[in-house]
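Worksheet: one structure, shown below.
Only the coordinates and a few stated rules stand behind these numbers; no lab work does. Quantities reported herein were computed from a predicted structural model and do not represent experimental measurements. Cβ placement follows ideal geometry from the backbone for every residue including glycine, while neighbour counts extend to all protein chains displayed.
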Amino acid sequence: DQQVKQNSPSLSVQEGRISILNCDYTNSMFDYFLWYKKYPAEGPTFLISISSIKDKNEDGRFTVFLNKSAKHLSLHIVPSQPGDSAVYFCAARRSGNTGKLIFGQGTTLQVKP
Amino acid sequence: GAVVSQHPSRVICKSGTSVKIECRSLDFQATTMFWYRQFPKQSLMLMATSNEGSKATYEQGVEKDKFLINHASLTLSTLTVTSAHPEDSSFYICSARAGSATRETQYFGPGTRLLVL
């Protein structure tokens, strides 16, 4: 039962353009969402998060949008840079105190110079 | 951001031996740490939640007698893979929980590549 889904395994964009990574979830009990960036053979690096009480959070080139009614979130990177090339995971946390995160399958982003 | 370290970064062992992996939060205290494993081109799968001073909580399908977790202090959790077999070969990643209830996040270690021959 895949509660967090990233349906696009890969995405390729040109440097300077916008990258949009999508994530869907099924559990309405999720109240906090995070995006992580991961390079091969390294641990994930936290990028940005959003609480379910918000619909947008922005940090520099990264913006996360949350559409609760559609159970959908997206990460926008603009402008995209070659160094952004990595695997991006979205993760969701269920309300409560356990702190457990459920991860999507990941989307590999390639930014071409 | 907060720093989490893992040691060793890579280990090769013979089948039947045990391997211990350490996870440390370097600049903050973590009452809760998490252990994940990742197979090639797959997502991170949560194995267990490590709670300081109490027993770990294992996810369904994870053998607690095979993957021993000890959270001895607020900055250290260890995962011991007992009697390792080739199918245990994987990338093991820990994370430590930090922040407030509304701005909480998990900070991940760099991972440990385990290869069982």
Spans of strands (runs of 3 or more DSSP E) in the stretch A:8-90 with at least 3 residues within 22 Å of B:Leu46 (Cα to Cα) and touching a Ser or Thr at 6+ places or on another chain (Cβ under 6 Å): A:30-38
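The rows are residues; the columns are (1) in contact (Cβ under 8 Å) with a residue 60 or more places away in the chain; (2) on the phi < 0 side of the Ramachandran plot.
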{"site": "B:Ala48", "(1), (2)": "no, yes"}
{"site": "B:Gly61", "(1), (2)": "no, no"}
{"site": "B:Asn70", "(1), (2)": "no, yes"}
{"site": "B:His85", "(1), (2)": "yes, yes"}
{"site": "B:Ala98", "(1), (2)": "yes, yes"}
Test: residue in the stretch A:61-75 that is hydrophobic (A, V, I, L, M, F, W, C), within 23 Å of B:Cys94 (Cα to Cα) and buried (at least 21 other Cβ atoms within 10 Å of the Cβ): no
Odd one out for B:Gln60 among (1) within 14 Å of another protein chain (Cβ to nearest Cβ); (2) over 27 Å from A:Phe46 (Cα atoms): (2)
Which listed residue is of a type in the set (S, T, N, Q) and within 9 Å of chain A (Cβ to nearest Cβ), from B:Thr32, B:Thr78, B:Thr82: B:Thr32
Only one of A:Phe30, A:Phe103 that is under 14 Å from the mean Cα position of the chain (by Cα), of a type outside the set (Gly, Ala, Ser) and within 14 Å of chain B (Cβ to nearest Cβ): A:Phe103
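Inspect all residues belonging to the stretch A:77-86 and state whether any of them is charged (D, E, K, R) and either within 14 Å of another protein chain (Cβ to nearest Cβ) or surrounded by fewer than 17 Cβ atoms within 10 Å (Cβ to Cβ) (or both).
Checked against the condition, which is being charged (D, E, K, R) and either within 14 Å of another protein chain (Cβ to nearest Cβ) or surrounded by fewer than 17 Cβ atoms within 10 Å (Cβ to Cβ) (or both), the stretch A:77-86 yields no hits at all.
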Residue check for A:Val111: more than 13 Å from every other protein chain (Cβ to nearest Cβ), in contact (Cβ under 8 Å) with a residue 24 or more places away in the chain and in contact with a helix residue (DSSP H, G or I) (Cβ under 6 Å, 6 or more places away or on another chain): yes
The stretch A:87-111, subset among the basic types (Lys, Arg) and surrounded by fewer than 21 Cβ atoms within 10 Å (Cβ to Cβ), residue farthest from B:Ser95 (Cα to Cα): A:Arg94
Checklist (1) β-branched (Val, Ile, Thr); (2) without any contact (Cβ under 8 Å) to a residue 40 or more places away in the chain; (3) more than 10 Å from chain B (Cβ to nearest Cβ) applied to A:Thr45, failing item: (3)
